[in-house]
Amino acid sequence: MVNFGSSRFTRSIEDVTLSISNYIAKTRNPNLNYHAEELIEEAPQSIKFHLFDPSACKHRPSQKNNEESSYMKFPRSSSIIGNFNEVSSHSGRYSVQEFPELIDMEISELQYSKALGKCGEEHTEDIASIYESLTSSSGNTYASLKDVLLDELLIVISTSKEEREIRASVSTLTTIISRNKSVIEDIKKKGLRLCDLASALKQNVHEAAILIYLINPSPIDIKTLELLPVLVEIVCTSRSHENTQESLLMTPHTASLMIIEELVTSFDYATNNMHLAAISSPQVLNGLLEVARNDNLEHFFSLTTILIKCMQFDAQCRKYVSQFTPLAPFIHLLQTENTRAKCMALEFFHEILCIPRSSAISLLQRIHQEGSKNIMKILMLCAHQLQPDHQLLAANILLQLDTLNSPHKSLFREEAVHMLLRALASEESSEQILSASILSNLAGTYAWSGEPYTAAWLLRKTGLTSPYHQNIIRNFNWLDQSLQDSGTDLWCSKISKCVLSVGDNVYHTLERGLRSKTKKVSRDCLVTISWLGCQISKSPDSLRDSASEIILSGIEQFLHPGKDLEERLLACLCIYNYATGKGKQKLIHFSEGVKQSLRRLSNVTWMADELHRVADFLLPNISRISCVHTQILEAGCNFNIAVCSLIYYKGLLCSGYSDGSIKVWDIRGHSASLVWDIKKHNKSVTCFSLSELSDSLLSGSADKTIRVWKMIKRKLECVEVIALKEPIYRLHAHDKTIFAITESQGIKLVNESRIVRDIFKGKHSKCIAGAQGKLYIGCTDSSIQEYSSTYGREVEIKPPTRCWRKQSKPIHSVVAYRDWLYCASKKVEGTTTKEWKKTGKSKFSILIDKGDDVVDMEVVEDFIYLISNSSANNIQIWLRGGPKKLGRISAGSKITSLLAANDIILCGTETGLIKVCPTHLIPPLQIFLLDMTLTSP
């Protein structure tokens with residue numbers, strides 16, 4: 001409430017009057033000069049009059065009379081310029097409407113800033129009241145006065161060097177806007193510059209944040225001004241939202257949060273992350289979490305979004321927020337009648353629970369304790385009243401809380417499970433995807449990054465330990481501590497019982513989900529069936545038999561070549577658990593294709609090997625090789641640079657090129673997309689290797705360097721460069737040691753301290769392979785050398801060829817597969833390592849055309865793939881069980897690299913293309929066509 005009789009208000013009016021006087025003196029308008037003295041005297045009194053007595057507006061003169069009054073002489077009455085109380089008695093006679101019109105104002109010449117500087121912050125309410133009064137009056141005079149006020153406020157903001165003046169102007173503008181939002185458009189038209197507000201904000205005028213938010217600049221404009229540090233300071237400084245005028249639309253604190261929310265959500269992935277990196281320190285997070293103790297809903301909406309984004313950005317942020325966030329305020333949001341508040345709280349709890357299982361259990365206990373007994377009823381109401389997606393989030397939290405605290409069957413549990421299953425069975429894709437995702441991770445765990453690690457936790461149960469095979473699967477950190485969490489198994493057992501208590505409807509719904517055309521839904525259903533299987537294997541035979549009857553036929557499809565290795569291994573786990581004990585008789589009913597798939601996976605996991613042995617026992621027929629190779633895609637385009645090396649790392653295909661670049665591809669089904677194109681090496685990237693101990697990728701180059709790469713925040717980053725004195729052609733890593741083949745004789749051994757020494761000094765090495773802690777080196781003299789990493793022992797297991805004619809028979813490729821060792825030169829030979837050591841002779845041999853050489857080779861369960869000098873455009877396909885050539889695959893140009901992975905053969909060419917050819921199972925009746933279909937024209 002403004003006291004119109006106060007001396008402070010009178011001074012505000014006098015300041016305005018002084019401005020008008022200055023304006024008149026500068027405009028030299030003869031008409032205005034004629035009545036200048038009267039205008040000066042009358043103006044403040046008239047404004048007082050109107051503010052004091054709004055009823056004066058009822059007695060406005062006509063437009064004609066108003067125009068005439070422009071040149072009328074007002075009486076100099078002592079009652080008008082004297083005591084305000086006396087003036088108020090004449091309210092019906094004089095009003096703001098009678099004030100003369102100011103024509104052709106030159107606003108930029110009006111010197112109002114000095115008067116404003118004298119006002120100070122306490123005058124902002126009075127000046128805002130004057131502006132409000134002028135707004136409610138009609139006529140050009142009053143519109144001009146409004147412009148005077150706005151222009152002078154803007155001039156001060158843009159030109160003044162005094163913090164007090166700037167603060168007073170910003171506060172006044174903010175107060176005016178708080179009373180009338182339409183003023184924002186007037187201010188924009190007058191050219192309020194964002195850079196001036198940014199400058200004010202950086203001068204500690206925190207109210208400028210409100211103006212910045214209200215004028216609604218584009219996110220790009222905000223980003224250009226680099227305001228994030230000062231906005232963070234406002235949010236994290238408690239005094240920034242103290243002593244704020246109650247009349248304002250919002251506080252500087254709230255406005256800053258809303259602008260920060262824009263900065264972390266409105267840009268591309270990289271830019272958003274750049275902004276998130278600036279606010280992800282413990283100090284800033286601590287300041288943000290202090291905001292959570294404030295009961296302002298506007299704070300919470302922006303704060304919740306920011307905290308969710310921070311958790312998604314960085315594992316340490318998620319860890320910090322989960323440990324130090326006060327949960328009571330977010331639980332209180334669930335109890336409000338505000339729908340948006342409930343939704344934001346559910347999104348927050350859903351995100352904060354995406355942490356390793358033991359930590360999630362502790363957090364659930366805190367939610368239950370701080371939410372009291374009503375928390376279950378509140379979540380149940382949310383599950384019934386909100387929109388479908390948020391109903392599922394409520395059902396997820398409800399089910400987990402009930403599992404944690406209620407060992408017996410309950411209404412909450414049943415309703416939550418039924419809600420998730422109904423959504424999974426629905427035709428609404430978004431509901432189906434969310435429900436499948438929730439179900440797949442109910443029993444498992446997450447990494448601190450928020451990545452679901454339930455599938456990784458299950459894959460470890462299958463016996464997947466080979467780094468080579470682990471890296472074919474998507475981006476899991478297999479060294480992550482969440483995979484060692486002992487609490488996950490116990491939690492899986494408890495929640496599996498809760499879900500299975502609903503009955504067979506669970507498996508019927510999941511079986512339909514397996515057949516979904518949405519790949520993510522079918523995969524998540526497979527994961528859910530897999531963790532339920534861990535409990536079903538311990539259940540009574542009747543329950544296990546019922547479940548296996550429903551789902552095993554749908555599981556079979558995931559075993560076959562062409563599916564992701566992750567899916568194939570999970571399918572194997574399902575068959576193992578659901579067909580356990582007497583149930584293994586069900587393997588009899590599986591197709592021949594299932595048996596073949598189990599055989600091919602037997603080198604990947606002991607589980608597949610055991611199932612294949614059982615199937616072989618139950619179906620003792622001779623296995624037939626019934627598959628065909630078909631090219632399904634090409635990665636890249638004609639770069640005219642050769643693909644020199646290929647490897648899988650973190651589920652992505654890495655290719656090294658002759659120009660020194662490394663291109664990273666995401667191969668999904670029949671499509672390939674380029675994820676990164678990295679140019680760090682100066683010359684050809686000749687080879688790759690995986691380091692199991694450090695979970696890193698090594699690249700070797702002709703530029704004489706080895707680079708160590710790691711996946712950091714979902715991006716491939718070079719973390720180390722190891723310089724050697726010669727170009728590098730082959731690499732292998734074991735434990736903390738790196739082995740490199742260079743131009744000179746011997747092998748370069750690089751230890752943990754990066755000290756280089758030579759082994760096999762008398763041998764010129766060509767190729768290298770490793771298995772079970774042993775290193776096998778193929779040499780130019782056709783010998784094979786073995787090196788024990790454990791004991792540092794050098795042994796020759798295959799001597800050089802002795803012939804009266806000194807023929808050059810260098811070994812171009814060595815492959816260790818199971819307990820066999822294969823080598824390729826002018827012929828392909830293979831036998832067990834023990835036999836090599838004992839006799840130095842092979843049990844298996846493939847003869848190549850005279851004068852030809854095998855330059856590269858890959859070995860899988862059924863096939864051996866060869867590239868020869870004379871036919872460098874083709875991949876020859878031979879049976880591994882016997883020296884029989886099945887056919888060939890044409891690459892269209894010279895093949896420069898070769899890789900076999902998950903029943904897929906990949907080759908890089910000299911033109912820069914990568915050809916991908918999986919093996920497909922074919923019906924038994926078509927087996928007689930095998931040779932024909934394998935051979936390309």
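Applying the selection to region 830-854, what residues are under 16 Å from P883 (Cα atoms) and more than 48 Å from the chain's Cα centre (by Cα)?
Initial filter on region 830-854 (under 16 Å from P883 (Cα atoms)): 830-831, 842-849, 854.
Matches in region 830-854: S842, K843, F844, S845, I846, L847, I848, D849.
Kindly indicate the residue of region 437-451 that is of a type in the set (S, T, Y) and not in a loop (DSSP other than H, G, I, E, B) and also surrounded by the fewest Cβ atoms within 10 Å (Cβ to Cβ) among those meeting that condition. Outline the logic, then answer.
Start the filter on region 437-451 by keeping residues that are of a type in the set (S, T, Y), which leaves 437, 440, 445-446, 449.
Imposing the further condition that a residue be not in a loop (DSSP other than H, G, I, E, B) reduces the set to 437, 440, 446.
Values: S437: 18, S440: 24, Y446: 22.
Within region 437-451, the match that is surrounded by the fewest Cβ atoms within 10 Å (Cβ to Cβ) is S437.
What is the number of the single condition among (1) within 22 Å of L565 (Cβ to Cβ); (2) open to solvent by 20 Å² or more (accessible area, probe 1.4 Å) that V664 does not meet?
Status for V664: all satisfied but (2).
Does region 298-311 contain any residue that is surrounded by fewer than 18 Cβ atoms within 10 Å (Cβ to Cβ) and under 30 Å from H418 (Cβ atoms)?
First, pick out the residues of region 298-311 that are surrounded by fewer than 18 Cβ atoms within 10 Å (Cβ to Cβ): 298.
Add one more test, that the residue is under 30 Å from H418 (Cβ atoms), and what stays is none.
No, region 298-311 contains no residue that is surrounded by fewer than 18 Cβ atoms within 10 Å (Cβ to Cβ) and under 30 Å from H418 (Cβ atoms).
Could you list, in sequence order, all residues of region 213-226 that are in a loop (DSSP other than H, G, I, E, B) and farther than 17 Å from L192 by Cα? I'd like the intermediate steps shown before the answer.
If we filter region 213-226 for residues that are in a loop (DSSP other than H, G, I, E, B), which is where we start, we get 215-218, 225-226.
Hit for region 213-226 is E226, nothing else.
Would region 519-529 turn up any residue that is assigned to a helix (DSSP H, G or I) and either surrounded by fewer than 18 Cβ atoms within 10 Å (Cβ to Cβ) or touching a strand residue (DSSP E or B) at 6+ places or on another chain (Cβ under 7 Å) (or both)? It would help to see each step written out before you state the result.
Start the filter on region 519-529 by keeping residues that are assigned to a helix (DSSP H, G or I), which leaves 519-529.
Right, trim to either surrounded by fewer than 18 Cβ atoms within 10 Å (Cβ to Cβ) or touching a strand residue (DSSP E or B) at 6+ places or on another chain (Cβ under 7 Å) (or both) and you get 519-520.
So far as region 519-529 goes, yes, one or more of its residues are assigned to a helix (DSSP H, G or I) and either surrounded by fewer than 18 Cβ atoms within 10 Å (Cβ to Cβ) or touching a strand residue (DSSP E or B) at 6+ places or on another chain (Cβ under 7 Å) (or both).
Limited to region 288-344, what total is found for residues that are of a type in the set (D, E) and part of a loop (DSSP other than H, G, I, E, B)?
Kept after step one, since they are of a type in the set (D, E), are these residues of region 288-344: 290, 295, 298, 314, 337.
Applying the additional criterion that residues be part of a loop (DSSP other than H, G, I, E, B) yields 295, 314, 337.
Selection size over region 288-344: 3.
Kindly indicate whether S842 is modelled with pLDDT of 90 or more and either in a loop (DSSP other than H, G, I, E, B) or open to solvent by less than 20 Å² (accessible area, probe 1.4 Å) (or both). Lay out the reasoning, then the answer.
Working: modelled with pLDDT of 90 or more: no; either in a loop (DSSP other than H, G, I, E, B) or open to solvent by less than 20 Å² (accessible area, probe 1.4 Å) (or both): yes.
Considered against the rule, which asks whether it is modelled with pLDDT of 90 or more and either in a loop (DSSP other than H, G, I, E, B) or open to solvent by less than 20 Å² (accessible area, probe 1.4 Å) (or both), S842 comes out as no.
Select from region 452-487 the residues that are at pLDDT below 95, of a type in the set (S, T, Y) and open to solvent by less than 20 Å² (accessible area, probe 1.4 Å) and write down the one among them that is farthest from M607 (Cα to Cα).
Out of the qualifying residues, it is S482.
If a residue has to be of a type in the set (K, R) and under 16 Å from E185 (Cα atoms) to count, how many in region 132-165 make the cut?
Residues of region 132-165 of a type in the set (K, R): 146, 161, 164.
Next, only the ones that are under 16 Å from E185 (Cα atoms) stay: 146.
Qualifying residue count for the region: 1.
Residues are listed down the side, and each one gets a yes or a no for (1) under 14 Å from V232 (Cβ atoms); (2) in contact with a strand residue (DSSP E or B) (Cβ under 7 Å, 6 or more places away or on another chain); (3) among the acidic types (D, E); (4) modelled with pLDDT of 90 or more:
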position: N272; (1), (2), (3), (4): no, no, no, yes
position: Q283; (1), (2), (3), (4): yes, no, no, no
position: D295; (1), (2), (3), (4): no, no, yes, no
position: Q312; (1), (2), (3), (4): no, no, no, yes
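Considering region 845-855 alone, what residues qualify as being in a strand (DSSP E or B), under 19 Å from N873 (Cβ atoms) and open to solvent by less than 40 Å² (accessible area, probe 1.4 Å)?
V854, the sole residue that qualifies.
For region 538-570, which positions are farther than 22 Å from A901 by Cβ, open to solvent by less than 40 Å² (accessible area, probe 1.4 Å) and touching a residue at least 40 places away in the same chain (Cβ under 8 Å)?
Answer for region 538-570, where residues must be farther than 22 Å from A901 by Cβ, open to solvent by less than 40 Å² (accessible area, probe 1.4 Å) and touching a residue at least 40 places away in the same chain (Cβ under 8 Å): S546, A547, I550, I551, G554, I555.
Looking only at region 856-879, which residues are assigned to a loop (DSSP other than H, G, I, E, B) and either surrounded by fewer than 19 Cβ atoms within 10 Å (Cβ to Cβ) or at pLDDT below 90 (or both)?
Within region 856-879, E861, D862, N869, S870, S871, A872, N873 qualify.
Out of (1) surrounded by fewer than 16 Cβ atoms within 10 Å (Cβ to Cβ); (2) within 17 Å of E290 (Cα to Cα); (3) over 24 Å from the mean Cα position of the chain (by Cα); (4) not β-branched (V, I, T), what's the single condition that is false for F324?
(3)
Looking only at region 158-207, count how many residues are assigned to a helix (DSSP H, G or I), open to solvent by less than 10 Å² (accessible area, probe 1.4 Å) and either closer than 26 Å to P229 by Cα or in contact with a helix residue (DSSP H, G or I) (Cβ under 6 Å, 6 or more places away or on another chain) (or both).
Looking only at region 158-207, we keep the residues that are assigned to a helix (DSSP H, G or I), and these are 158-159, 163-179, 183-189, 194-202.
Applying the additional criterion that residues be open to solvent by less than 10 Å² (accessible area, probe 1.4 Å) yields 166, 168-177, 183, 187, 197-198, 200-201.
Now restrict to residues that are either closer than 26 Å to P229 by Cα or in contact with a helix residue (DSSP H, G or I) (Cβ under 6 Å, 6 or more places away or on another chain) (or both): 166, 168-177, 183, 197-198, 200-201.
Looking only at that region, the number is 16.
Tell me whether region 235-252 contains one or more residues that are farther than 17 Å from L214 by Cβ, under 24 Å from the mean Cα position of the chain (by Cα), modelled with pLDDT of 85 or more and of a type outside the set (D, E, K, R).
no
Results for (1) open to solvent by 40 Å² or more (accessible area, probe 1.4 Å); (2) touching a strand residue (DSSP E or B) at 6+ places or on another chain (Cβ under 9 Å); (3) not in a loop (DSSP other than H, G, I, E, B), shown as yes or no for each residue.
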position	(1), (2), (3)
N682	yes, yes, no
L693	yes, yes, no
V708	no, yes, yes
V721	yes, yes, yes
K725	yes, yes, no
Y729	yes, yes, yes
K748	no, yes, yes
R754	yes, yes, no
C767	no, yes, yes
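Confirm whether E752 is touching a His at 6+ places or on another chain (Cβ under 9 Å), over 24 Å from V855 (Cα atoms) and either without any contact (Cβ under 8 Å) to a residue 40 or more places away in the chain or not hydroxyl-bearing (S, T, Y) (or both).
Values: touching a His at 6+ places or on another chain (Cβ under 9 Å): no; over 24 Å from V855 (Cα atoms): yes; either without any contact (Cβ under 8 Å) to a residue 40 or more places away in the chain or not hydroxyl-bearing (S, T, Y) (or both): yes.
Taking the combined requirement at face value, the residue does not satisfy it.
Applying the selection to region 354-388, what residues are closer than 29 Å to W457 by Cβ, open to solvent by less than 10 Å² (accessible area, probe 1.4 Å) and without any contact (Cβ under 8 Å) to a residue 60 or more places away in the chain?
L363, L364, I367, G371, I375, L379, A383
Regarding S788, is this residue closer than 30 Å to K725 by Cβ and buried (at least 21 other Cβ atoms within 10 Å of the Cβ)? Please lay out each step first, then the result.
Working: closer than 30 Å to K725 by Cβ: yes; buried (at least 21 other Cβ atoms within 10 Å of the Cβ): no.
No.
Within region 404-451, take every residue that is over 23 Å from the mean Cα position of the chain (by Cα) and small (G, A, S) and give me the one that is modelled with the lowest pLDDT.
Within region 404-451, the first condition is being over 23 Å from the mean Cα position of the chain (by Cα), and the residues that meet it are 404-428.
Next, from what is left, pick out any that are small (G, A, S): 406, 410, 416, 423, 425-426.
Working: S406: 72, S410: 78, A416: 94, A423: 95, A425: 93, S426: 90.
The qualifying residue modelled with the lowest pLDDT is S406.
The values are calculated or read from the model by the stated rules, or taken from the named source; none is laboratory data. In this text the structure is predicted, and so the values were computed from the model without any measurement. Note that we place each Cβ from the backbone using ideal geometry, even for glycine, and neighbour counts take in every protein chain shown. In case anyone asks, the SASA skips ligands and DNA or RNA and just uses the protein heavy atoms, side chains included. Shrake-Rupley method; radii C 1.70, N 1.55, O 1.52, S 1.80 Å.
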